[in-house]
Structures are given as structure tokens and as C-alpha cells.
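Worksheet: the structure to be examined is printed underneath.
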Amino acid sequence: MTKTVLQRKLVSTLEFMLHEWLGVTALFERPHYAEHSAETVDDLLRAASEIAADCFEPAARVSDLEEPFVDDGRVLLPKATHEAWEAYRSFGFLSAAHDAEHGGMQLPRTVDLATRLIFTASGPNLIPSMLTDANASLLLAHGTETQQRVFALPELAGRWTGTMCLSEPQAGSSLSDITTRAVPDGAGHETDPLGPRYRITGNKMWISSAEHELTENIVHLVLAKIPGADGAVDPSTRGISLFIVPKVLVNENAAPTERNDVALIGLNHKLGNRGIPNAALAFGDGTYEPRGGKGAIGYLVGRPGDGLRQMFHMMNAARIEIGLGAAAVGLAAYAVSLDYAKERRQGRHLTAQGKDATRPQVPIIEHADVKRMLLAQKAYSEGAVALGLFAARLLDDQRTGSAEEARSAGMLLELLTPVVKSWPSEWCLEANNLAIQVLGGAGYTRDFPVEMYWRDQRINMIHEGTHGIQALDLLGRKVRVGDGANLAELGRKVRATADAARQAGFPGHADDLAAGWQRVRTVTDDAWSTSDPVDALANATPYLQGFGHVVLAWILLDLAVAAAGSSHAEAPGKIAAMRYFYAYELPKVSAWFDVVARREPLCRDVTVAEL
């Protein structure tokens with residue numbers, strides 16, 4: 001496959017979704033985005049594609065084979081990674097969705113995330129853009145004016161990068177169990193111009209881009225607990241506060257002063273995403289003694305005890321981008337396997353003449369089972385891309401829409417974020433699996449990138465909230481908010497699509513979608529019929545899987561409605577992907593929802609001895 005095959009597929013898919021389906025140019029009628037036009041979108045997609053082809057695609061395999069390594073406490077990355085980062089940073093893609101006053105292009109988030117999808121598909125294991133942007137965005141929302149100027153703006157310029165430091169060896173997803181502490185840093189700590197100053201001690205792990213030489217500084221956002229006068233800490237999440245802990249201390253003009261007491265413990269050697277270093281850090285172990293004292297210096301963000309609420313601002317943004325990133329990797333593998341299937345010749349048609357070995361072999365794309373695998377990949381990856389871009393459009397409506405648009409967008413985002421993160425992570429992994437299968441033995445070698453895509457993809461079901469965490473969030477909270485108000489809001493969208501589908505010539509699919517949505521409503525009530533969370537949540541993951549499939553059935557049918565009235569080259573494929581999903585995927589929902597409806601106790605009650 002030549003690099004242009006991938007870029008053509010990415011740009012063509014995004015052009016259809018942005019222009020033909022989402023109608024993104026309508027956003028440019030809003031004052032906040034008035035400087036842009038449809039030409040802006042097309043120019044940015046082309047620019048991103050060119051940079052991705054020139055810098056990201058060549059670096060992807062290099063960064064996979066030449067893993068980050070430690071040299072005298074420094075984490076070193078390949079030259080190709082530095083070149084990719086510089087090309088991305090210097091164009092201004094990192095800050096593209098931010099306001100002009102913060103150095104951004106003031107682009108709609110929908111367009112911004114579309115360009116990021118191109119980079120992720122072209123080099124999924126390369127640069128720390130997602131967490132840096134999310135880190136800076138958190139500080140712009142919750143930090144002081146000085147914290148924004150000193151820490152967020154250098155991040156958006158790409159001079160510094162950012163992380164989030166939550167997990168600890170004894171506390172992964174159970175954040176109430178964190179033991180990292182923050183104590184006031186002596187007299188005058190409350191009047192430091194960078195914010196109330198504390199000394200941080202503790203260990204953090206699973207930190208992406210925690211140490212590298214891409215930039216001159218790294219801004220760590222660290223969750224820690226402040227002890228009371230008796231030395232005890234609140235054992236719940238209410239006791240968690242958030243601190244800015246830079247790798248290199250700076251003054252109020254953002255000029256570096258001395259190394260902070262943040263030390264690398266070691267790197268994690270990963271299955272995939274090898275190009276992005278993942279590390280454990282020690283805060284305040286005495287490796288360095290900034291300002292003559294023990295403990296890393298950190299600056300409180302907002303008020304004590306607000307840390308988890310603030311961090312979720314960052315995590316929710318990251319979860320949407322992870323879902324879109326998973327879709328990107330699925331789409332990249334689909335492009336490879338589609339191209340391979342068109343070229344690879346093997347076997348003959350299953351006819352009497354097909355048994356004649358003297359007849360020429362046919363491209364494998366002509367075999368029904370290969371078509372099945374390609375259709376599945378197409379439905380999974382393009383559906384996931386559409387879901388992520390729909391969420392991005394909701395972010396734009398939430399920020400710049402009318403009061404009613406903003407209200408609706410907020411409700412839908414609250415409900416759909418667990419699905420946006422989890423569904424692409426699970427089903428684009430299956431798409432990557434099928435891409436390997438299409439290539440057969442060749443797919444299991446490093447001669448093609450599909451094995452690398454599968455390895456890179458596998459992390460997405462784990463980080464920023466595992467699949468199980470998303471399931472508990474959806475069934476335990478999101479569908480019950482406001483006595484089901486968010487669920488009702490999504491129902492209105494689903495019904496509108498079903499009505500449009502009937503008019504567009506898809507009445508049977510409209511009926512199937514309506515029936516699927518009705519099952520969502522009834523199974524939600526069934527799960528909670530005893531009002532006991534122990535009963536309801538034992539099958540939260542099957543609920544998430546069924547719910548996600550119904551949501552994707554809605555998204556794919558909505559795409560098909562747009563395609564029915566379009567002459568775009570992508571239009572026929574959107575209808576085919578929808579037809580595949582309704583024939584082969586939507587029937588799976590019943591099996592998942594059946595165990596939820598009867599509150600199947602097996603997984604809850606099975607004993608350790610039986611496992």
C-alpha cells in the first residue's frame with residue numbers, strides 16, 4: 001500500500017462526514033467561527049494529510065521498533081518522532097480549536113478533531129498532543145490568570161507538553177485510595193504568584209509522556225490529598241485536590257529556574273503504542289531538592305477538594321478523543337486491508353468453471369467471506385468515526401449554539417461519553433483483528449502495518465477508564481440522570497432519524513431502529529426494577545455493549561439518510577455499511593440485553609473457588 005491510499009481514504013471519509021452529513025459549514029454562521037469557511041475545512045484536511053504522509057507515516061514503524069529508552073535519567077525518542085512533533089506543532093494544530101487570544105485558530109472542535117484523526121491514523125504511537133491539549137484546557141477552565149499564562153499557553157504553543165497523574169501502584173481506578181500527599185510549603189505559601197504552594201510526595205504510574213526530550217518542560221497535573229491539622233486525610237474522593245507540578249520550575253514569566261523534585265522510576269514496556277513513553281514517577285523522593293527542601297513543588301488549582309471534579313474536565317475530553325483515535329486506527333487498518341484485497345489474487349469463484357485450475361485466479365475481494373470482513377471493518381470504523389465527530393459537533397453546540405442547542409448538547413454529551421470512549425475501543429479492535437485476517441499470513445508479519453495497528457489499538461479499552469468503568473458509569477449514573485431526561489433527549493434524536501429514514505427509502509431499517517431503542521428503554525427499567533445497584537450493575541458491561549450497538553445503528557442509519565441524497569463517492573459505501581450492521585450486528589443486541597433484563601446473577605455470585 002502506498003501512503004496515498006491511506007490519505008485518500010481519510011480525506012474522502014472526512015469530507016463526506018463534515019460536509020454532507022454534519023453540515024459543518026453551518027457553524028461558520030456563528031460569530032465565534034465567522035473567520036472560517038468550507039474552504040478552511042478542505043485546506044486544513046489537505047494540510048494535515050500532507051504532514052501526516054510526509055512525517056507521521058514514515059515515523060510510525062520507526063517509533064514502534066525503536067522504543068523509548070533511558071540514558072542517564074533522560075528518555076530518548078527517535079529522530080523521526082521529533083520531526084513529526086515539530087511539523088505538527090509548528091503548523092499550529094495543537095492549539096487549533098482554542099481562542100485567538102490563546103494563540104489558537106478558533107476552529108470548531110469538529111474540524112479540529114477531524115485533523116487529529118488524520119494524524120492518529122497515520123502515526124498512532126507518536127506524539128503527546130491529546131493530553132497536552134486536555135491539560136491546557138483544564139487550566140484555562142479552572143486555573144488562575146497567571147496559571148493560564150505561565151503553564152497553559154506554553155503548552156498550546158507546543159513549547160511544553162502536559163500529563164495527568166492519577167493512578168498509583170495501590171490505586172488504579174480506585175482514586176479514593178490514592179496516598180500522594182500535599183503539605184503547605186512553609187510561610188507565605190498562600191501568596192505565591194503561581195498559586196498556593198505545596199510540597200508533593202508520592203508515586204504515580206501509567207503516565208503517558210511523563211518524561212522525554214521533545215520539549216523543554218513537562219507540566220504534570222497531579223491528584224493528591226492535603227492532610228488536616230491532625231495529619232489525617234479524607235479517605236474519600238472528596239479529599240482529593242489538583243496541583244500543577246512542572247518538571248522544571250519556572251518563575252511568573254515562565255522562565256526556567258531549577259529542576260523540580262520529579263524523578264523517573266522507570267518506563268513500562270508496552271504491547272503497542274510503543275512510541276509514546278509510559279512511565280512511573282516519584283514526586284518528592286529527594287532526587288532533587290528544589291529551593292533547598294524535600295518534596296516536589298506544586299501549585300494548587302482552584303480550591304482544596306475540587307481535584308477530581310476538575311480532573312474529569314480533562315478526562316471527559318480525553319475520552320472523546322480516545323474514541324476517535326480508536327476509530328482512526330480501525331479506519332487505517334481497513335484502508336490497508338481493502339487495498340490488499342483488491343490486489344491479492346487467490347482462488348476462483350465458487351462455480352463449475354471455478355474448479356478449473358487453468359482459469360486465472362481472482363482478487364480475494366471477490367470472495368463473499370472477504371467482503372464480509374471488509375464490510376464489518378467498514379461499519380465498525382466509519383461508524384466509530386461518525387460517532388466521534390458527532391460528539392465533537394456537540395462540543396461546538398455546547399459552546400457556541402443557542403441556549404436550546406447548548407442544553408441539548410450537554411445532555412447528550414453526558415449520556416454518550418461512555419459510549420464514545422468504549423464502543424470504538426472494542427469494535428475497532430475487532431476491525432483491526434479482521435484486517436489481519438484479510439491479509440492472512442502476511443497480516444501476521446511486519447511487512448504490513450496491520451499487526452502494529454492491532455497492538456496500538458489494544459490499549460484503548462483500558463486507559464482513561466476501563467470498559468467496566470464506562471459500563472458502570474452508563475448504567476449506574478448516565479441513563480438515570482434527571483429521571484431519564486438524558487435518555488429521553490437521545491430518544492428524540494433517534495426518532496427523528498427513523499422518521500427521516502422512512503422518507504429516504506429505508507422503512508425496514510427505521511422500524512428495526514425504533515424497536516432497538518424501545519428495547520433500550522425497557523431493559524433499563526428492568527435492570528433497575530429492584531432498585532438495588534447490586535442487581536442492576538452485575539451486568540453493566542452487556543448493557544454497555546447493547547446500548548452502544550443501538551447507538552451505532554442510529555448513527556449509521558443517519559449517515560445512510562445523508563448518503564441517499566448525495567452524489568459523493570463515499571455515499572454508496574455508507575448505505576452498504578448500514579445494511580451490513582442491521583443484518584449482522586443489530587441482532588446481537590438481544591443476547592446482551594437478555595442477561596441485563598433478567599438481572600443474571602452468575603457473574604456476581606460465582607465463588608472464587610469456582611474460577
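Compute the distance in nm between two label points, each set 7 Å from the Cα along the Cα-to-Cβ direction, one at Arg159 and one at Asp525.
About 5.9 nm, to one decimal.
Order these peptides, 368-374, 383-389, by their mean beta-carbon neighbour count within 10 angstrom, highest first.
383-389, 368-374
Using 0.36 nm per residue of separation minus the Cα-Cα distance, give me the extension gain between Thr400 and Glu366 in nm, one decimal.
7.5 nm
With a point put 7 Å past each Cα toward its Cβ, work out how far Asp594 is from Ser37 in nm, to one decimal.
Once both label points are built, they end up 5.8 nm from each other.
Based on the mean of other beta carbon atoms within 10 Å per residue, what is the order of 157-167, 558-568, most packed first?
157-167, 558-568
Which shape class, rounded, prolate or oblate, goes with the stretch 473-530 when its Cα gyration tensor gives a ≥ b ≥ c as root eigenvalues, a/c under 1.5 marks rounded, and past that a/b bigger than b/c marks prolate?
prolate
In whole Hz, with x marking every Gly and Pro, tabulate ³J(HN,Hα) for the stretch 187-192 from phi via Karplus 6.51 cos²θ - 1.76 cosθ + 1.60, θ = phi - 60°.
5, x, 5, 7, 10, 4
Residues with beta-carbon under 12 Å from that of Leu490, excluding Leu490: net charge, scoring Lys, Arg +1 and Asp, Glu -1? Write down the numbers at each step before the final one.
On the way: positive: Lys478, Arg492, Lys493, Arg495, Arg521; negative: Glu414, Glu489.
Summing Lys/Arg as +1 and Asp/Glu as -1 gives +3.
For the stretch 10-84 and the stretch 535-605, what is the separation of their C-alpha centers, rounded to whole Å?
29 Å
With 32 Å as the limit, write out which pairs from Lys204/Lys378; Lys9/Lys478; Lys9/Lys79; Lys247/Lys378; Lys371/Lys478; Lys79/Lys378 have Cα-Cα distances beyond it, or answer none.
Violating the 32 Å limit, Cα to Cα: Lys204/Lys378; Lys9/Lys478; Lys247/Lys378; Lys371/Lys478; Lys79/Lys378.
Radius of gyration and Dmax for the stretch 69-148's Cα atoms, expressed in Å?
Just the Cα atoms of the stretch 69-148 yield Rg and Dmax of 14.5, 43 Å.
Once both labels are modelled 7 Å past Cα along the beta-carbon direction, what's the Asn268-Ser236 spacing in nm?
2.9 nm
Taking a virtual spin label 7 Å from the Cα of Arg345 along the C-beta vector, which residues in the stretch 365-387 bring their backbone nitrogen under 17 Å of it?
Residues 365-367 qualify, since their backbone N sits under 17 Å from the label point.
Jot down the per residue volume, in cubic angstrom and as a whole number, of the convex hull over the alpha-carbon atoms of the stretch 1-159.
Measuring per residue, one finds 114 Å³ for the Cα hull of the stretch 1-159.
Want the number for Arg149 to Ala496: 0.36 nm per residue separation, take away the alpha-carbon distance, what's left?
Values: separation 347, 0.36 × 347 = 124.92 nm, distance 4.45 nm.
Length difference between fully extended and current span is 120.5 nm.
Within the stretch 72-88, whose backbone N sits under 12 Å from a point 7 Å along Cα→Cβ of Ala47?
Counting only backbone N, you get 88.
Given bins 20 angstrom wide, list per bin the percent of all Cα-Cα distances in the chain, short to long.
P(r) over the chain, rounded to whole percents: 19, 52, 26, 3, 0.
Using alpha carbons only, how many angstrom separate the centre of the stretch 258-298 from the centre of the stretch 375-423?
Cα centres, the stretch 258-298 to the stretch 375-423: 36 Å.
FYI, it's all coordinate maths here, none of it is from the lab. Since this is a predicted model, take the numbers as computed values, not measurements. Glycine also receives a Cβ, built like all others from the backbone with ideal geometry; neighbour counts cover every protein chain displayed.
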